[in-house]
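Note sheet for the following structure.
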Amino acid sequence: MAEGSESLARMTLFRSLGTDAIRNADQACSWRRARAGEQILDYQSGGTDLFLVLRGHVRVTVITEAGEVILRDIRDDEFFGEIAAIDGLPRSSAIVAVTDTTLARMTAAVFRRLVHAHPDVCDQLLLLLASQVRMLANRVNEHSTLSVAQRIYAELLRLARPGKDGKAEAVISPPPTHSELAARVGTRREAVTRELNGLERDGLLERRRGAIVVLDPARLRRMIEPPA
């Protein structure tokens, strides 16, 4: 049952559910809080439950021979574990809490009933799965066609958000560590350090307190594109 005032009513996934359906879903969940740094799921572990993030930030990772690879981040109002809930197979990735996180845990049976009973829940699930396929396809394409430097540029652009006051610059805040950025693109920390230093020398990147600023995103994007 929900802890205190916690409820799945805050989740966009369940926006189409009425009051009674939300209450039943709340009662079907177990609720917990994960501490920053806590491993929530292990790669290839068993279990088919779905996890919903009410508040917090968790990270999806896999471990390869080259080290940890970061696949994506999941934050407030998002969820994970849907693949195992659908196919019943071991977990396809590991999940670690980046910050203290409040989670609702729902069995696969309850989740599947909600998906089958509510078309909007089904549509949102399909959109998420489609976006994950596109994301993984893009990563495979980048690893096949881009240099390490270009993969770092592409990841910086993905992480960046438009700056304020109509400026062309884009801001990454909080900034990732060099090790984290390396794990996102499948390279070594030293390569990230070298490329970021080079971007600074070329006037494309600036480090500010609590942020990395891409000063000319359009130019950085052109550096990724193949020559005409």
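Quick look at the numbers
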quantity: Residue that is modelled with pLDDT of 95 or more, in contact with an Asp or Glu (Cβ under 9 Å, 6 or more places away or on another chain), under 27 Å from residue 53 (Cα atoms) and assigned by TED's automatic domain parsing to the domain that holds residue 20, where the choices are 109, 117, 97, 130; calculated: 97
quantity: Total residues in the stretch 169-228, condition acidic (Asp, Glu), free of Cβ contacts under 8 Å to residues at least 40 places away in the same chain and not in a helix (DSSP H, G or I); calculated: 3
quantity: Verdict on residue 115 being touching a Leu at 6+ places or on another chain (Cβ under 9 Å), without any contact (Cβ under 8 Å) to a residue 40 or more places away in the chain, hydrophobic (A, V, I, L, M, F, W, C) and under 22 Å from residue 76 (Cα atoms); calculated: yes
quantity: Hits in the stretch 191-225 - residues which are touching a Ser or Thr at 6+ places or on another chain (Cβ under 8 Å) and surrounded by fewer than 13 Cβ atoms within 10 Å (Cβ to Cβ); calculated: 210
quantity: Condition met for residue 74 (closer than 25 Å to residue 135 by Cα, free of Cβ contacts under 8 Å to residues at least 24 places away in the same chain, among the β-branched types (Val, Ile, Thr) and surrounded by 13 or more Cβ atoms within 10 Å (Cβ to Cβ)); calculated: yes
quantity: Neighbours by Cβ (under 8 Å, 6+ apart or cross-chain): first from the stretch 89-111, over 19 Å from residue 136 (Cβ atoms); second among the polar types (S, T, N, Q) and crowded, with 16+ Cβ neighbours inside 10 Å; calculated: 96/61; 107/48; 108/48
quantity: Among (1) over 17 Å from the mean Cα position of the chain (by Cα); (2) surrounded by fewer than 17 Cβ atoms within 10 Å (Cβ to Cβ); (3) among the polar types (S, T, N, Q), the one test that residue 132 misses; calculated: (1)
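The values are calculated or read from the model by the stated rules, or taken from the named source; none is laboratory data. What you are looking at is a predicted structure, and each value in this text was computed from that prediction instead of being measured. As a convention, Cβ positions derive from the backbone with ideal geometry for all residues, glycine included, and neighbour counts pool all protein chains shown.
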